[in-house]
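Accompanying notes for the structure given below.
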C-alpha cells in the first residue's frame, strides 16, 4: 500500500511555494509547511486576514470576497495538487483559510466565540463526520479540496447557533 508521501513527486519547500503564486496561496503563505498540524496552522492564518478585512468591508463585499476566494481556491488547489502529484496534500491549506473566514464572518462578537469557532471548525475538519467524509473521498481536484472544508464550516456554524440559542 502506498502512502501519501510515496505519491508525492517531491517534498514541498519554500522554493516550491515561491515558484508560482498559486503554490504560495495554496500553502497559506507558508503556513502549510508546518511540520505538525499544517491544517491548524493554515486555519490560524484566517484570524489576521479576518481582523484586517472585516472592519474595512461591508458585509456584502466580504461575502463577495469569500465567493471569489473559494472560486480562486479551486484553481489554486487544483494546480498545486497536480504539481505535487497529490490532490489533497495536507500542506494545501487555502481551503481551511477560506472556510474559517466564512465561520468568523458569522461568529458572534468576542474572543471567546472566536476561540470556540476555531475549536469547532478544527474538530469537524479533522473528524469529518458524514457527509463531509463522503465528499472528501469522492470529490477530487480543487473543488473537492475546497468543498469538504465548507461543509466543516457549516457544521461549526450550526453548533455555534445551537449554543447561542441556549445561552
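The values are calculated or read from the model by the stated rules, or taken from the named source; none is laboratory data. Just so you know, these numbers come straight off a predicted model, no measurement behind them. Counting neighbours? That spans all protein chains shown, and the Cβs are built from the backbone with ideal geometry, glycine included.
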Notebook entry, point to check: Hey, among 45, 74, which residue is touching a residue at least 24 places away in the same chain (Cβ under 8 Å) and farther than 27 Å from residue 112 by Cα?
Noted result: 74
Next item on the list: Output the residues belonging to segment 117-138 that are out of contact with any helix residue (DSSP H, G or I) (no Cβ under 6 Å at 6 or more places or on another chain) and surrounded by fewer than 19 Cβ atoms within 10 Å (Cβ to Cβ).
Entry: 119, 123, 126, 127, 129, 130, 131, 133, 134, 137, 138
Checklist line | Close pairs (9 angstrom Cβ cut-off, 6 or more residues apart or separate chains): closer than 17 Å to residue 142 by Cα in segment 11-36, at pLDDT 95 or above and exposed (fewer than 13 other Cβ atoms within 10 Å of the Cβ) anywhere | finding: 24/18
Notebook entry, point to check: Can you pull out the residues in segment 72-103 that are surrounded by fewer than 22 Cβ atoms within 10 Å (Cβ to Cβ) and under 19 Å from residue 158 (Cα atoms)?
Noted result: none
Next item on the list: Report, by residue number, each residue of segment 54-71 that is in contact (Cβ under 8 Å) with a residue 40 or more places away in the chain and surrounded by 16 or more Cβ atoms within 10 Å (Cβ to Cβ).
Entry: 62, 70
